[in-house]
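Trainee: Please see the structure below; I have some questions.
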Amino acid sequence: MAERTDDRLIVALDFATRRCAADMASELEGVAGFFKLGLSSLAWGGLEFAAELKKDSKRIFLDLKLFDIGSVVARTVESLNSLGADFLTVHGDPGVVRSAVSGRGDANTKILAVTFLTSVDRHDLDAALIKRGAFGDLACERATRAIDAGADGIIASAREAAAIRAVPGAKDKLIVTPGIRLGIGDRHDQVRVMTPSAAFEAGADHIVVGRPIIRSENPVDAAKSILAQLPGTSNRPTG
Ligand code: C5P
């Protein structure tokens, strides 16, 4: 029987080939069992690969960040239902969320709404003509509208997690936070980053970690060290 893993950690398999993604999933066997496949996997058959991982008792997060007219979003989600993904992302616009929820129907996939990418800051919002206001306030507003539209959870930087948890209706929703860094080292293209423990203290249910694990010299050690920092972990470092 497969070893039980701590599914609060979701590993982003952001690879350009199926071989690399499959090798990483195998390397992390028994350490991480919840994997995110996104846009970088589409050309090499990431959806089929996700379905295979699912059959192998892994949990799957399809990070497709869907955004289109309502009928297309609904039909796309309906066609993805057969893959049995645990999580699926869409843009947090209320019409998109509503259509995704309708396409999901009775399937078990949680529809997660993206507020803002963790790689953007206020300057990027200005460039995208997004109204004035503090980042946190706008993320909360987007989260509130997405929740009202039926989202099961919200993707947001851990920096906004506590404020989002406090918005009406968010108490029982999932908060999933990318942009996790270990405090030292390379942020890569991420801007609004936080450490794993700080993300959970802020109210996250899951963290998404890509490069700090998959580009590490020793992905297993990197994943174990992140897991050890999560609240309630018995080997959590003290002090
Ligand atoms: O390598 P890194 O840990 O930065 O990867 C973060 C992952 O989370 C990437 O796959 C990225 O697409 C995703 N993500 C994000 N910010 C969001 C939503 C998803 O970084 N708001």
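The values are calculated or read from the model by the stated rules, or taken from the named source; none is laboratory data. As the structure is a prediction and not an experimental result, all values here were calculated from the model. Note that each Cβ is placed from the backbone with ideal geometry, even for glycine, and that neighbours are counted across all protein chains shown. To get the accessible areas, we keep the full protein, side chains included, count just its heavy atoms, and leave off ligands, DNA and RNA. Shrake-Rupley method; radii C 1.70, N 1.55, O 1.52, S 1.80 Å.
Trainee: Looking only at GluC sites (Glu not before Pro) in DSSP loops with at most 11 other Cβ atoms within 10 Å, what is the longest site-free stretch of the chain? Could the numbers behind the result be given before it?
Mentor: Working: sites that count: 3, 217.
Answer from the scan: 4-216.
Trainee: Now for a different question. Cα-Cα pairs above 21 Å in segment 127-205: how many percent? Present the calculation step by step, with values, prior to reporting the outcome.
Mentor: On the way: 912 of 3081 pairs.
The proportion of pairs with Cα distances above 21 Å equals 30 percent.
Trainee: Using a 1.4 angstrom probe, figure out how much accessible area the chain has per residue, in square angstrom, rounded to the nearest whole.
Mentor: So the chain comes to 48 Å² accessible per residue, rounded to a whole number.
Trainee: Now, a different point. Evaluated at 4 °C with a viscosity of 1.567 mPa s, what Stokes-Einstein diffusion coefficient in µm²/s does the chain have when Rh comes from the Kirkwood expression over alpha-carbon pairs? Spell out each step's value before the answer.
Mentor: On the way: Rh = 18.1 Å.
Answer from the Stokes-Einstein relation: 72 µm²/s.
Trainee: If you don't mind, another one. Got a sec? What order do 216, 157 fall in by accessible area at 1.4 Å, biggest, i.e. largest, first?
Mentor: On the way: 216 35, 157 0 Å².
Largest to smallest exposure gives the sequence 216, 157.
Trainee: Let me ask something else. How large a share of the accessible area of the chain, in percent, is made up of carbon and sulfur atoms when the probe is 1.4 Å and the other protein chains stay in place?
Mentor: For the chain, the apolar C and S fraction of the accessible surface comes to 52 percent.
Trainee: Straight-line reach from residue 173: which lysines fall under 20 Å, measuring Cα to Cα and dropping same-chain residues less than 8 apart?
Mentor: Cα-Cα hits under 20 Å: 36, 65, 110.
Trainee: Going through segment 157-216, which trypsin sites (Lys or Arg not before Pro) have at most 15 other Cβ atoms within 10 Å and a DSSP loop state?
Mentor: Sites meeting the loop and neighbour criteria: 171, 187, 215.
Trainee: P(r) tail for segment 82-127, what percent of Cα pairs lie past 16 Å? Don't skip to the answer; put the middle values down first.
Mentor: Values: 477 of 1035 pairs.
More than 16 Å apart: 46 percent of the Cα pairs in segment 82-127.
Trainee: Give me the extension gain from residue 68 to residue 82: residue separation times 0.36 nm, minus the current Cα-Cα distance, reported in nm with one decimal.
Mentor: Contour length minus Cα-Cα distance gives 3.0 nm.
Trainee: Extension gain residue 131-residue 189, at 0.36 nm per residue separation less the Cα-Cα distance, in nm?
Mentor: 18.5 nm
Trainee: List the trypsin sites (Lys or Arg not before Pro) in segment 3-59 that DSSP assigns to loop (not H, G, I, E or B) and whose Cβ has at most 16 other Cβ atoms within 10 Å. Which are they?
Mentor: 4
Trainee: How much of residue 31 can a 1.4 Å solvent probe reach, expressed as accessible area in Å² and rounded to 10?
Mentor: Number for this one is 20 Å².
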